[in-house]
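Nothing in this text is a laboratory measurement; each read-out follows from the coordinates by a stated rule. Because the structure is predicted, anything quoted here is derived from the model rather than measured. Here the Cβ positions follow ideal geometry from the backbone for every residue, glycine too, while neighbour counts run over all protein chains shown.
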């Protein structure tokens, strides 16, 4: 059986000595995860939604969300992987346990979004937009009319709203853990 260095290091249950390279990789995971999450959560969605039609926004989001969730998955994996190399589970203190569990939850949240929710929400968004296109619904009044009068649209719209809301909650969990992670790092940093 062939083991990679990372697998070998994790199986030893001993911390890998801290190094500038390991610390740098961890910080890339933390800073990159926080940055992309902050941008997508607070800036991108609102700005683009105001500039584009619903159909254009759906198309842009369908491409960007794949990149966002894939990047977030890589960065969350990098944060957790480098953390585990330096803090194997069997050596966890209370603080390390709290951060380790948070990093596992962050990775689970972003993977759930990436693998389950994002494809589902994207497909529902396009289904909803197709019905709007076929029914020539362009204004908010037209959309309200569809919600009242078209049972298929109402079902698709309700499913979209449900799964999009779950996706938002999952994203907020991931983003909240990024804030927590930065707070933990700042608390350990003696720069000031």
Between helix 94-112 and the chain: long-axis angle, C-alpha atoms, 0 to 90°, nearest 10: 30 degrees
Value at 222 nm in deg cm²/dmol, rounded to 500, when DSSP H runs of n ≥ 4 in the chain each add -39,500 (n - 2.57): -26500 deg cm²/dmol
With Cα springs under 10 Å, the Gaussian network model of the chain assigns the largest mean-square fluctuation among 19, 73, 140 to 140
Expressed in nanometres to one decimal, the distance between label points 7 Å along Cα→Cβ at residue 166 and residue 115 is 1.5 nm
As a footprinting exposure proxy, order 82, 42, 59 by other Cβ within 10 Å, with the fewest listed first. 42, 59, 82
If you take all C-alpha pairs in the chain, what percent of them are over 26 Å apart? 44 percent
For the chain, longest principal axis from Cα atoms; helix 20-38 axis from its Cα atoms; angle between them, nearest 10 degrees, is 20 degrees
Would you mind getting the Kirkwood hydrodynamic radius of region 139-184 from its Cα pairs, rounded to one decimal in Å? 12.7 Å
Mean separation of Cα contacts under 8 Å (6+ apart) over length of region 53-139, as relative contact order %: 44 percent
For a quick check: sort 104, 34 by the number of other beta carbons within 10 angstrom, fewest at the front. 104, 34
Pairs of Cα atoms under 8 Å, at least six residues apart: use those to get the relative contact order of the chain, whole percent. 28 percent
Can you work out the base-10 log of I(q)/I(0) for region 90-142 at q = 0.17, 0.26, 0.27 1/Å, using the Debye formula on its C-alpha atoms alone? -0.67, -0.92, -0.94
Candidates 110, 155, 173: whichever shows maximal mean-square fluctuation once the chain is modelled as a Gaussian network with Cα springs under 10 Å: 155
